[in-house]
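Notes to accompany the following structure.
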Amino acid sequence: MSQILRFHLNGNPAEVMAGEAETLLDTLREGLGLTSPKCGCNRGDCGACTVILNGNAVKSCTVLALTVEGKSVWTVDGLVDGERAGEPEGGESPAPRSLSGHKLHPVQTAFHEYGAPQCGYCTPGMVMAAVAFLDRNPSPTEEEVKDALSGNLCRCGGYKKYVQAVMAAARGEFDPLPERSGRNV
Amino acid sequence: MYNSVGKRVPRYDGIGHVTGRTQYVSDVKMPGMLVCKTLRCPYHKARIRSIDVSEARTSPGVYAVITKDDVPHNLFAMVPDHHVLAEEITRYRGQNIAAVAAASRDAALDALARIRIEYEELEPVIDPEEAIKDGAPQVRPEGNNHLFDGNSLTRRIRRGNVEEGFREADFIVEGRYTTPSQEHAPLETCCTVAYVDAPGRLVIHSKAQGLYFAQGDLANVFQLPLNRLKFIGGTIGGGFGGMNSIHTDHIAGLLALATGRPVRFALTREEEMLFSTIRTPWIFRIRDGIRRDGVITARQVSVLHDCGAYTELGLYAVEKNANLIAGANLIRNLEVDSRMVYTNKMPSGSMRGFGVNVGQYAEQVQLDRLAHTVGISPMEIRFINAFHTGDKNHTGNELASVSTIETLQKVAAMSGQTLPEKYLAWSSAPLSPNTNSGK
């Protein structure tokens, strides 16, 4: 039976009907039409569906939707449209922007600049795993980054560039890392 | 000098990827979209004694149930011998038998459970070396061995005289090499969204890597003229060759035509792993004659390609493999005999260099063994036997631009190997009597 689920999505209140056997991934994709979390295996192996739940990177295909009642969920959409929303800054800033003109999170900038995504299907999950990790550990070692991304598969084989890009984001190669903000609310 | 080499060049689609805005086929959603699930054969080989879908058709939420009788032309693939929905005999585990379009996944699965089907399980043959034996269970009515040009058990390459070559040799080295099957496992499983648009065209959002291959192939399955079949491609979540074969477009298209509604057919991870096309197994036997000075005087290769139950891209792989199996070596006396055999497994698809890299694995290991046998280094044997510009390759084509020796010199430098002086002076330029003596 479906019931009303209320939670915070990318900093905004969200309300949606969800079944008791429904996963958070299905609720996000089907109920709320957010297609950035991807389904690769639907059993917690691949990490393409990674979102941030109360500050922790989780695989949304292994979370029952109704268990996030009252909690905070962030998807990659929230990095540009929620937390960082605003008019594009003036001037000729070389920093890449989202398709809607908003500034990107340094992790997104780094992934783009380092050419980490190939087919791109693992990328939204990689971004969220990396952002949740840097929120906790803004000055990591390379080994720690590898460990943090170890739950996210990339079949194109782009692991090395993803790790390099997270290290670049951590040392502020593009923009300083933002404050932890509301993701762990 | 270069616009891009050594520079960081952003991908044109990179921003979409890092912001999650890139739309893949599995993200396509349409109003009233139905879900497709298929009934797959649980046996490696079976006879379908009877099938009754009447109860499934009246199951709640079901819009259509189709079997082979509902397919206008039930054969597809590059070599069109694969059934869209199984005929009387199923030839591999997971072969599609019937398909349902329903309002939800649960309704589709419920309907599948209501299909009454009676199987007679038949003895399969799984091992390719068993399948070529007389009396092996027959995968296909015409036999297990593919007949090249309709009459030959082998695809053959002949050059020089191997018997003379072996007589000239100081050592004979034989090796047997095998490669297993491999699944592409793209992170996005195969997915199709199909619908009939307002002017009456069948529109297919496809994960195909070769849209025009698929369009031509499926126009035949649907028996539609090409101008009524529109394929929409785009960014795909990984293909690696696996999406050169059709896994979902045909069935989703048939159900869209049957229901007049949008239909989504996405494979589960399990289906993708177990039932889609794969890099199929190969067995290589290489017999070489080699002189003390490292020159390969003769080579005999026999290849057995396990194609699975249908040809798909297996034949293409055999051709590529046969042409390149003797490697980047000038071998004056050569015989290649390649066979392709059908077994009760999922069919042979394309996968990243299909046919070539499996053969090169065998050939490169064999070269190392040759070097060991005559007591020279793995580098030396490759220099001594390398092709030069102007040489004829093993199928008789003149090689216009060769860089084997330069590549070896670079590899040696990068890996910290010291080469003897004379090899540093060599090049791939056409051989004259004064250069690269000893050949």
Could you please find all residues in the range B:347-379 being of a type outside the set (Val, Ile, Thr), more than 15 Å from residue B:330 (Cβ to Cβ) and surrounded by 18 or more Cβ atoms within 10 Å (Cβ to Cβ)? B:347, B:348, B:349, B:350, B:351, B:354, B:355, B:359, B:362, B:366, B:371, B:379
Would you point out the residue of the range A:72-121, among those that are among the acidic types (Asp, Glu) and farther than 18 Å from residue A:176 by Cα, that is modelled with the lowest pLDDT? A:87
Top-ranked residue in the range A:123-156 [being out of contact with any strand residue (DSSP E or B) (no Cβ under 9 Å at 6 or more places or on another chain) and facing chain B (nearest Cβ under 7 Å); ranked as farthest from residue B:352 (Cα to Cα)]: A:123
Among strands (runs of 3 or more DSSP E) entirely inside the range B:149-253, those with 3 or more residues being touching a residue at least 40 places away in the same chain (Cβ under 8 Å), farther than 27 Å from residue B:20 by Cβ and in contact with a helix residue (DSSP H, G or I) (Cβ under 6 Å, 6 or more places away or on another chain) are B:171-179
Just checking, does the range B:147-154 include any residue being within 14 Å of chain A (Cβ to nearest Cβ), surrounded by fewer than 21 Cβ atoms within 10 Å (Cβ to Cβ) and under 30 Å from residue B:302 (Cβ atoms)? no
Does residue B:297 satisfy the condition of being in contact (Cβ under 8 Å) with a residue 40 or more places away in the chain and not assigned by TED's automatic domain parsing to the domain that holds residue B:355? no
Need pairs with beta-carbon distance below 7 Å; first residue within 20 Å of residue B:306 (Cβ to Cβ) and of a type in the set (Phe, Trp, Tyr) and within the range B:358-377, second modelled with pLDDT of 95 or more and surrounded by fewer than 15 Cβ atoms within 10 Å (Cβ to Cβ); sequence gap 6+ or separate chains. none
Would you say residue B:67 is at pLDDT 95 or above, closer than 20 Å to residue B:273 by Cβ and surrounded by 19 or more Cβ atoms within 10 Å (Cβ to Cβ)? no
Within the range B:1-22, of all residues that are within 11 Å of chain A (Cβ to nearest Cβ) and among the β-branched types (Val, Ile, Thr), the one farthest from residue B:113 (Cα to Cα) is B:9
Of the residues that sit in the range A:34-43 and are free of Cβ contacts under 8 Å to residues at least 24 places away in the same chain and within 16 Å of the chain's Cα centre (by Cα), which one is nearest to the other protein chains (Cβ to nearest Cβ)? A:35
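Taking only the range B:23-44 into account, find how many residues are among the polar types (S, T, N, Q) and within 14 Å of chain A (Cβ to nearest Cβ).
Of the residues in that region, 2 qualify.
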Only one of (1) buried (at least 23 other Cβ atoms within 10 Å of the Cβ); (2) in contact with a Leu (Cβ under 7 Å, 6 or more places away or on another chain) is not met by residue B:383, so which one is it? (1)
Residues that are over 29 Å from the mean Cα position of the chain (by Cα), within 14 Å of chain A (Cβ to nearest Cβ) and touching a residue at least 40 places away in the same chain (Cβ under 8 Å): does the range B:45-66 have at least one? no
I need the helices (runs of 4 or more DSSP H) fully contained in the range A:106-185, keeping only those with at least 1 residues that are of a type in the set (Lys, Arg). A:123-136, A:142-148, A:159-170
Could you list, in sequence order, the residues of the range A:56-81 that are farther than 18 Å from residue A:13 by Cα and within 14 Å of another protein chain (Cβ to nearest Cβ)? A:59, A:60, A:61, A:62
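The values are calculated or read from the model by the stated rules, or taken from the named source; none is laboratory data. A quick note: this is a predicted structure, and the numbers were derived from the prediction, not measured. Glycine also receives a Cβ, built like all others from the backbone with ideal geometry; neighbour counts cover every protein chain displayed.
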